[in-house]
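Chemist: Before I ask anything, here is the structure I am working with.
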Amino acid sequence: MSSDELLRHSQSICDGMSADDDGLRREVLAHAGSRWSLGIIHALGVYGTLRHADVARRMKGITQRMLTRTLRQLERDGLIYRHDFREVPPRVEYSITPLGKDLLVLMIPMWTWVVQHAEEFRQCREIYDSNHASVVPDSPRDNESQ
């Protein structure tokens, strides 16, 4: 399928969606753009079932609050499964679902593309930054009134 055909196909899918579907689509697509969501899905896809603490160790820099929030969102959307053993002390394990594995597999070409073009991104950023070095960015307050 050519890129033009792919874009037309994508537009026809979007045109057929209701407002509810569009909201759901945006929420689920947020996982594909979230470093924490993708990191968790990747860890569970590669390493298999992990306890909560093991997931946290694999996610360098994530706060406890963000980890818990992200795990709940992924579970709610059916991308991961949470198994609570109902033991004392508490023991909870997470695993990837078939839906989560589908997302992981579909993200691999995107990650590959990013890695292959990393040097180009760096060069573009350097050019942009050198061309805009004297431009002072708007302060957040300037944008609040707009």
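Chemist: I'd like to check something: does the range 90-99 contain any residue that is among the acidic types (Asp, Glu), touching a residue at least 40 places away in the same chain (Cβ under 8 Å), surrounded by 12 or more Cβ atoms within 10 Å (Cβ to Cβ) and within 23 Å of Trp111 (Cα to Cα)?
Modeler: So far as the range 90-99 goes, no, none of its residues is among the acidic types (Asp, Glu), touching a residue at least 40 places away in the same chain (Cβ under 8 Å), surrounded by 12 or more Cβ atoms within 10 Å (Cβ to Cβ) and within 23 Å of Trp111 (Cα to Cα).
Chemist: Taking the conditions exactly as written (at pLDDT 95 or above and either farther than 27 Å from Arg25 by Cβ or of a type in the set (Asp, Glu) (or both)), does Glu87 satisfy them or not?
Modeler: no
Chemist: One residue is enough: does the range 81-88 have a residue meeting the conditions touching a helix residue (DSSP H, G or I) at 6+ places or on another chain (Cβ under 6 Å) and of a type outside the set (Phe, Trp, Tyr)?
Modeler: Within the range 81-88, one or more residues are touching a helix residue (DSSP H, G or I) at 6+ places or on another chain (Cβ under 6 Å) and of a type outside the set (Phe, Trp, Tyr).
Chemist: Going residue by residue through the range 14-37, is there one that turns out to be over 26 Å from Thr70 (Cα atoms), modelled with pLDDT under 85 and open to solvent by 90 Å² or more (accessible area, probe 1.4 Å)?
Modeler: yes
Chemist: Continuing with the same structure: Which condition number does Ala43 fail, the rest of (1) closer than 23 Å to Trp111 by Cβ; (2) open to solvent by 40 Å² or more (accessible area, probe 1.4 Å); (3) aliphatic (A, V, I, L, M) being met?
Modeler: Tallying (1) closer than 23 Å to Trp111 by Cβ; (2) open to solvent by 40 Å² or more (accessible area, probe 1.4 Å); (3) aliphatic (A, V, I, L, M), Ala43 fails exactly one: (2).
Chemist: Would you mind stating whether Asp84 is surrounded by fewer than 17 Cβ atoms within 10 Å (Cβ to Cβ) and among the acidic types (Asp, Glu)?
Modeler: Spelling it out, Asp84 is indeed surrounded by fewer than 17 Cβ atoms within 10 Å (Cβ to Cβ) and among the acidic types (Asp, Glu).
Chemist: In the set Leu106, Leu74, which member is free of Cβ contacts under 8 Å to residues at least 40 places away in the same chain and either open to solvent by 90 Å² or more (accessible area, probe 1.4 Å) or in a helix (DSSP H, G or I) (or both)?
Modeler: Among Leu106, Leu74, only Leu106 is free of Cβ contacts under 8 Å to residues at least 40 places away in the same chain and either open to solvent by 90 Å² or more (accessible area, probe 1.4 Å) or in a helix (DSSP H, G or I) (or both).
Chemist: Here is a further query. Within the range 38-67, can you find the residues that are of a type in the set (Val, Ile, Thr), within 15 Å of the chain's Cα centre (by Cα) and either modelled with pLDDT of 95 or more or under 17 Å from Pro98 (Cβ atoms) (or both)?
Modeler: Those that are of a type in the set (Val, Ile, Thr), within 15 Å of the chain's Cα centre (by Cα) and either modelled with pLDDT of 95 or more or under 17 Å from Pro98 (Cβ atoms) (or both): Ile40, Ile41.
The values are calculated or read from the model by the stated rules, or taken from the named source; none is laboratory data. None of the values given here were measured: they were computed from a predicted structure. So basically every Cβ, Gly included, is an ideal-geometry build from the backbone, and we count neighbours across all protein chains shown. Just so you know, the surface numbers come from the protein's heavy atoms only, side chains and all, with ligands and any DNA or RNA stripped out. Shrake-Rupley method; radii C 1.70, N 1.55, O 1.52, S 1.80 Å.
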